[in-house]
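Let me begin by presenting the structure, written as structure tokens, before commenting on it.
Any read-out appearing in this document is the output of simple, stated calculations on the displayed coordinates, not a laboratory observation. Not measured: the values here are computed from a predicted model. So basically every Cβ, Gly included, is an ideal-geometry build from the backbone, and we count neighbours across all protein chains shown.
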Amino acid sequence: MSQKGDSNLYKFHRPKINLRETPHPLKEESKACLKRLASYRSKPPKLTFPRSRCAAVLVALFVGRMGDLYVLLSRRSATLRSYAGDTSLPGGKVDPQDKTIEDTARREAFEEIGLPIDRQKAPLLCVLEPFMARDQIIVTPVVVLILNNDVRPILNAAEVATLFSHPLAAFLSESPFPTEPEVMELPYHSFDDIPWKWGKAKEQKIRMHRFLTGREAGGVKPVFGLTAAIMIEVAKIGYAREPEFEVDAENQPSQLERIVSAMKYAEHFKEAMREENLDPERLPDPSKFAHHGRRRDPRRRRGRSRL
């Protein structure tokens with residue numbers, strides 16, 4: 001997955017993390033979750049992605065007062081040209097000065113919400129396999145743990161309207177907040193199955209999940225689409241269990257199958273590849289990367305824990 005002349009983009013330094021440094025005592029479930037995330041090892045395919053179509057998001061976890069894990073989410077500014085008002089993770093495209101995809105995620109989080117680029121205050125837990133965002137861009141999630149809850153956000157008003165948190169474990173549940181008024185009136189979790197543009201079989205669809213935030217009355221949109229998919233995967237790995245709902249549609253293409261299809265067939269991807277001296281015609285058949293809806297073990301590819 002490395003780029004020509006840019007082989008370090010997907011390499012990372014993994015520091016040893018002391019969980020006794022968390023601002024609040026961890027529940028045993030939270031401690032086990034962090035250990036699994038810290039020992040997780042993604043195994044990127046040996047493909048060359050066009051750098052101009054690569055991006056990263058920062059999944060910033062922190063420990064709440066009761067020892068549970070939460071993730072920072074933001075409401076995008078209503079003035080943005082794309083995804084205006086959506087609930088999202090901080091992130092953006094790789095810049096020329098970014099040496100690694102982790103640099104991209106941390107830089108974007110600093111620019112958007114003021115999270116310090118400090119690997120001691122927010123050490124790296126793991127990096128997930130890349131996701132495909134609406135056939136437009138390849139997004140890699142970078143998961144960190146905020147050890148200092150005294151960090152105060154500084155929002156970039158041009159990009160972010162509000163910042164809030166959501167329980168990580170809630171992304172595995174159908175209804176985690178039965179007493180919340182918004183959730184009593186509407187289902188906490190729902191989904192839509194969207195036809196896949198590049199599917200050889202017409203029945204192939206992509207499941208787009210939706211989670212209420214409990215802040216809809218204030219104009220905050222649910223966690224939806226790519227952000228929801230990323231958070232489901234992080235929670236699956238960390239808590240080592242499947243959600244209470246079916247994650248994929250029947251015969252849903254894998255993320256890698258979607259990525260290779262976009263690189264091979266989408267004109268904007270092919271143009272980007274040619275500009276970087278890459279040949280889209282040499283890509284393998286996307287169906288080679290299909291998993292046909294088979295569930296993956298969320299505990300796979302675990303290395304030695306750094307906690």
Worksheet item: Exactly which chymotrypsin sites (Phe, Trp or Tyr not before Pro) in the range 92-193 are in a DSSP loop and have at most 12 other Cβ atoms within 10 Å?
Response: none
Fill in: Surrounding net charge for GLU112, when Lys and Arg each add one and Asp and Glu each subtract one, Cβ distance under 10 Å
-1
Practice prompt. Divide by every residue of the chain the summed helix terms, -39500 (n - 2.57) for each DSSP H run of at least 4, and state the resulting mean residue ellipticity at 222 nm, rounded to the nearest 500 deg cm²/dmol.
Written response: -6500 deg cm²/dmol
Worksheet item: Excluding GLU29 itself, what net charge comes from residues whose Cβ is under 12 Å from its Cβ, given Lys and Arg +1 and Asp and Glu -1?
Response: +3
Item to complete: Please work out the Cα center distance from the range 247-265 to the range 119-150, rounded to the nearest Å.
Response: 21 Å
Worksheet item: What ranking, highest mean first, results for peptides 80-92, 147-159 when packing means the other Cβ atoms within 10 Å averaged over each residue?
Response: 80-92, 147-159
Practice prompt. Give LYS205/LYS288; LYS11/LYS270; LYS93/LYS121; LYS43/LYS93; LYS197/LYS270 a once-over and call out the pairs whose C-alpha atoms are over 19 Å from each other.
Written response: LYS11/LYS270; LYS93/LYS121; LYS43/LYS93
